[in-house]
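Beneath this line is the structure, given in structure tokens, with notes to follow.
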Amino acid sequence: MAKLKEKLLEKIKAQRPKITMLTKEKGSVVIDKVTIEQCIGGARDVRCLVTDISYLDPQEGIRFRGKTIPETFAALPKVPGAEYPYVEGFWHFLLTGEIPTMDETLEIVKDWKTRAKVPSYVFDVLKAMPKDSHPMAMFSTAITVMQKESIFAKRYAEGMKKDEYWDPMFEDSSNLIARLPEIAAFIYRWKYKNGNTIAPNPDLDFGGNFAHMMGIAKPYDDVARMYFILHSDHESGNVSAHTTHLVASALSDAYLSLSAGINGLAGPLHGLANQEVLRWAQKALEKTGGKSPDKEGMKKFCWDTLNAGQVIPGYGHAVLRKTDPRFASQNEFSRKHLPNDELFKFINTLYEVAPGVLTEHGKTKNPWPNVDAASGVIQWHYGLTEYDFYTVLFGVGRALGVLANITWDRGLGYALERPKSVTTDMLEKWATEGGRPGM
Ligand code: CMX
């Protein structure tokens with residue numbers, strides 16, 4: 001085995017300079033409809049995905065069905081006595097592009113209650129997992145294990161026609177979404193609260209019931225609503241959305257597709273960054289006795305991180321080139337509800353300092369904060385200090401966007417996804433020839 005690894009390392013080391021040369025010196029050579037840099041560099045900016053559910057402008061940030069975040073929050077029907085809208089109404093909006101009436105919203109609230117029962121074997125499987133399993137591994141397992149419930153898989157095996165695919169996809173997606181709050185809250189209480197779980201309250205909406213099952217008092221119900229809506233969709237190219245779409249393109253059902261997307265969300269360069277921000281902030285606060293450092297102290301902490309070869313979590317983005325409006329929206333909530341929170345002060349000082357440090361560092365194309373920079377602060381403030389769990393919250397929200405997308409994928413009969421790969425030798429040849437012949 002040692003020999004095999006030695007040989008492999010030798011080969012990797014020989015290949016690395018070729019890849020660096022191709023990217024740095026020949027990156028702009030067009031090899032087909034893309035450049036060598038795009039081919040090696042994660043297909044940045046390659047326009048080859050279609051969705052009408054959300055669009056991400058690099059300067060402006062996300063629009064859901066054409067509406068900015070503040071416009072979305074303002075337009076949707078609100079839960080009585082709450083600041084934020086029904087998640088159920090948002091689902092209607094994502095699916096149809098139309099703002100639902102209160103009656104239409106309440107119909108979905110009612111419908112999801114009939115779908116919300118989580119099969120008991122899901123809890124058995126979760127209980128059988130080691131207690132130190134990551135909550136995202138538990139969340140993804142719970143979704144995968146429910147695959148036997150898939151109506152799409154059953155109907156497909158019976159020989160359903162292609163133009164009917166969207167219908168069982170919608171049913172599976174609705175069933176899945178309705179069950180996610182109880183699964184997520186179960187994982188939290190099972191793992192961190194001695195298995196002391198809280199039964200759902202059938203009188204509450206999606207966000208309210210989640211807060212209730214988490215055992216966290218108001219206004220956490222509004223935090224949940226805001227959080228799920230903000231994290232729902234970010235057009236199609238991000239890892240969780242793209243993975244869900246890719247897996248669904250093989251006609252895998254909603255359970256298999258969503259769990260794959262959730263696994264992608266669990267990566268530290270994607271959704272896991274929200275827990276990393278908290279881990280990083282807590283490390284800094286430990287050094288300063290719990291008090292947010294001043295600008296100079298923060299600058300030093302940023303540079304220490306960068307000089308150690310690590311990223312500043314919560315900063316940078318593959319598409320965005322300005323402050324993420326999802327960050328701004330959460331900061332607005334914090335300013336209103338937790339202005340004196342020490343962690344909030346930390347995040348604000350970081351916001352004043354990090355963009356300058358990252359610009360001086362000179363690597364990232366976007367020195368501004370993304371959604372993950374602000375989210376943990378709010379969770380921490382309301383007592384959810386187990387930051388390993390934060391990405392599960394992201395996952396519940398992200399399910400809304402990706403499941404709306406794959407329902408539409410089936411409705412429009414989108415194709416099996418199958419991009420073409422090339423070899424490094426081919427790239428080197430085309431780089432020398434100034435492009436792929438005929439292109
Ligand atoms: N701190 C330090 N370096 C950073 C950085 C950061 N926050 N963001 C980017 N860079 C570096 C990259 O690591 C890369 O370095 P190398 O050339 O050595 O590989 C360089 O800057 C160029 O990267 P980029 O083109 O600006 O960014 P990418 O599109 O490659 O990556 C992202 C985007 C988000 C993965 C990256 O900015 C990052 O790692 N950020 C920190 C983690 C994070 O917050 N992720 C959450 C994103 C939102 C989400 O999906 O949830």
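The values are calculated or read from the model by the stated rules, or taken from the named source; none is laboratory data. The structure presented is a predicted model; accordingly, all values stated were derived computationally and were not measured. Ideal geometry is used to build each Cβ from the backbone, glycine not excepted, and the neighbour counts take in all protein chains shown. Areas reflect the complete protein model, heavy atoms only, side chains present, ligands, DNA and RNA absent. Shrake-Rupley method; radii C 1.70, N 1.55, O 1.52, S 1.80 Å.
Output the number of residues of the range 317-342 satisfying the condition of being within 14 Å of the ligand (Cβ to nearest atom) and part of a helix (DSSP H, G or I).
So in the range 317-342, the residues within 14 Å of the ligand (Cβ to nearest atom) come out as 317-327, 330.
If we keep only those that are part of a helix (DSSP H, G or I) as well, we get 325-327, 330.
Total satisfying the criteria: 4.
Starting from the range 154-173, keep only residues that are farther than 17 Å from residue 249 by Cβ, then list their pairs with residues that are open to solvent by 50 Å² or more (accessible area, probe 1.4 Å) whose Cβ atoms are within a distance under 6 Å, requiring at least 6 positions of separation or different chains.
Here the result reads 171/151, each pair linking the range 154-173 to a residue that is open to solvent by 50 Å² or more (accessible area, probe 1.4 Å).
Might you check whether a residue that is at pLDDT below 95, outside any helix (DSSP H, G or I) and open to solvent by 30 Å² or more (accessible area, probe 1.4 Å) occurs anywhere in the range 117-131?
Going through the range 117-131, the residues at pLDDT below 95 turn out to be 131.
Next, only the ones that are outside any helix (DSSP H, G or I) stay: 131.
Subset that is open to solvent by 30 Å² or more (accessible area, probe 1.4 Å): 131.
Yes; the residues of the range 117-131 include at least one that is at pLDDT below 95, outside any helix (DSSP H, G or I) and open to solvent by 30 Å² or more (accessible area, probe 1.4 Å).
Could you tell me whether any residue of the range 396-408 is modelled with pLDDT of 95 or more, among the hydrophobic types (A, V, I, L, M, F, W, C), outside the structural domain of residue 315 (by TED's automatic domain parsing) and open to solvent by 20 Å² or more (accessible area, probe 1.4 Å)? Break it down stepwise before answering.
Restricting attention to the range 396-408, the residues satisfying the condition of being modelled with pLDDT of 95 or more are 396-408.
From what's left, among the hydrophobic types (A, V, I, L, M, F, W, C): 396, 399-400, 402-404, 406, 408.
Applying the additional criterion that residues be outside the structural domain of residue 315 (by TED's automatic domain parsing) yields 396, 399-400, 402-404, 406, 408.
This time we only want the ones that are open to solvent by 20 Å² or more (accessible area, probe 1.4 Å), so: 408.
The answer is yes; a qualifying residue exists.
Against the definition (open to solvent by less than 20 Å² (accessible area, probe 1.4 Å) and in contact with a strand residue (DSSP E or B) (Cβ under 6 Å, 6 or more places away or on another chain)), how does residue 327 come out, yes or no? Working first, answer last.
Values: open to solvent by less than 20 Å² (accessible area, probe 1.4 Å): yes; in contact with a strand residue (DSSP E or B) (Cβ under 6 Å, 6 or more places away or on another chain): yes.
Spelling it out, residue 327 is indeed open to solvent by less than 20 Å² (accessible area, probe 1.4 Å) and in contact with a strand residue (DSSP E or B) (Cβ under 6 Å, 6 or more places away or on another chain).
Tell me which residues, restricted to the range 331-346, are open to solvent by less than 20 Å² (accessible area, probe 1.4 Å) and touching a Pro at 6+ places or on another chain (Cβ under 8 Å).
Going through the range 331-346, the residues open to solvent by less than 20 Å² (accessible area, probe 1.4 Å) turn out to be 331, 333-334, 338, 343-344, 346.
Selection gives 346 alone.
Looking at (1) among the polar types (S, T, N, Q); (2) out of contact with any Ser or Thr (no Cβ under 7 Å at 6 or more places or on another chain); (3) within 30 Å of residue 232 (Cβ to Cβ), which one does residue 23 not meet, given that it meets all the others?
(3) is the only condition that residue 23 fails.
Output the residues belonging to the range 152-208 that are open to solvent by 50 Å² or more (accessible area, probe 1.4 Å) and on the phi > 0 side of the Ramachandran plot.
Those that are open to solvent by 50 Å² or more (accessible area, probe 1.4 Å) and on the phi > 0 side of the Ramachandran plot: 159, 194.
Please determine, by comparing only the residues of the range 289-316 that are outside any helix (DSSP H, G or I) and either outside the structural domain of residue 361 (by TED's automatic domain parsing) or open to solvent by 60 Å² or more (accessible area, probe 1.4 Å) (or both), which one is nearest to the ligand (Cβ to nearest atom). Full working, then the answer.
Residues of the range 289-316 outside any helix (DSSP H, G or I): 289-294, 308-316.
The next check asks that each one be either outside the structural domain of residue 361 (by TED's automatic domain parsing) or open to solvent by 60 Å² or more (accessible area, probe 1.4 Å) (or both); those that pass are 289, 291, 294, 308-311.
Details: 289: 26, 291: 24, 294: 21, 308: 11, 309: 9, 310: 7, 311: 4 Å.
It comes out as 311.
Here is a list of conditions, (1) within 13 Å of the ligand (Cβ to nearest atom); (2) in contact (Cβ under 8 Å) with a residue 40 or more places away in the chain; (3) touching a helix residue (DSSP H, G or I) at 6+ places or on another chain (Cβ under 8 Å), and residue 263 meets all of them except one; can you say which number that is?
Checking residue 263 against (1) within 13 Å of the ligand (Cβ to nearest atom); (2) in contact (Cβ under 8 Å) with a residue 40 or more places away in the chain; (3) touching a helix residue (DSSP H, G or I) at 6+ places or on another chain (Cβ under 8 Å), the one that fails is (1).
Does any residue in the range 361-378 that is more than 7 Å from the ligand (Cβ to nearest atom) come within less than 6 Å, Cβ to Cβ, of a residue that is of a type in the set (Lys, Arg) and assigned to a loop (DSSP other than H, G, I, E, B) six or more places away or on a different chain, and which pairs are these?
That search, which allows pairs on different chains as well, returns 368/322.
So which of 349, 385, 424, 432 ends up being closer than 23 Å to residue 138 by Cα and open to solvent by 10 Å² or more (accessible area, probe 1.4 Å)?
On the way: 349 fails: closer than 23 Å to residue 138 by Cα; 424 fails: closer than 23 Å to residue 138 by Cα; 432 fails: closer than 23 Å to residue 138 by Cα.
Being closer than 23 Å to residue 138 by Cα and open to solvent by 10 Å² or more (accessible area, probe 1.4 Å) holds for just one of 349, 385, 424, 432, which is 385.
Return the residues of the range 132-151 that are closer than 16 Å to residue 410 by Cβ and open to solvent by less than 20 Å² (accessible area, probe 1.4 Å); say none if nothing qualifies. Please lay out each step first, then the result.
The first filter runs over the range 132-151 and keeps only residues closer than 16 Å to residue 410 by Cβ, leaving 150-151.
If the condition is that a residue be closer than 16 Å to residue 410 by Cβ and open to solvent by less than 20 Å² (accessible area, probe 1.4 Å), then 150 is the only one that fits.
Tell me, please, whether a residue that is free of Cβ contacts under 8 Å to residues at least 40 places away in the same chain, of a type in the set (Phe, Trp, Tyr), more than 26 Å from residue 137 (Cβ to Cβ) and assigned by TED's automatic domain parsing to the domain that holds residue 366 can be found in the range 278-287.
no
Can you go through 256, 285 and tell me which one is in a helix (DSSP H, G or I) and either touching a Leu at 6+ places or on another chain (Cβ under 8 Å) or open to solvent by less than 10 Å² (accessible area, probe 1.4 Å) (or both)?
Numbers: 256 fails: either touching a Leu at 6+ places or on another chain (Cβ under 8 Å) or open to solvent by less than 10 Å² (accessible area, probe 1.4 Å) (or both).
Going through 256, 285 in turn, just one is in a helix (DSSP H, G or I) and either touching a Leu at 6+ places or on another chain (Cβ under 8 Å) or open to solvent by less than 10 Å² (accessible area, probe 1.4 Å) (or both): 285.
Take the conditions in contact with a strand residue (DSSP E or B) (Cβ under 8 Å, 6 or more places away or on another chain) and outside any helix (DSSP H, G or I) and apply them to residue 418. Does it pass? Even if it seems obvious, please write down each step before you answer.
On the way: in contact with a strand residue (DSSP E or B) (Cβ under 8 Å, 6 or more places away or on another chain): no; outside any helix (DSSP H, G or I): yes.
No: the conditions fail for residue 418.
Counting only residues that are farther than 30 Å from residue 430 by Cα and open to solvent by 50 Å² or more (accessible area, probe 1.4 Å), how many does the range 32-56 have? Working first, answer last.
Keep residues of the range 32-56 that are farther than 30 Å from residue 430 by Cα, which gives 51-56.
Okay, now just the ones that are also open to solvent by 50 Å² or more (accessible area, probe 1.4 Å), so 52, 55.
Of the residues in that region, 2 qualify.
Tally up the residues in the range 223-247 that are open to solvent by 10 Å² or more (accessible area, probe 1.4 Å), closer than 19 Å to residue 69 by Cβ and more than 15 Å from the chain's Cα centre (by Cα), please.
Looking only at that region, the number is 0.
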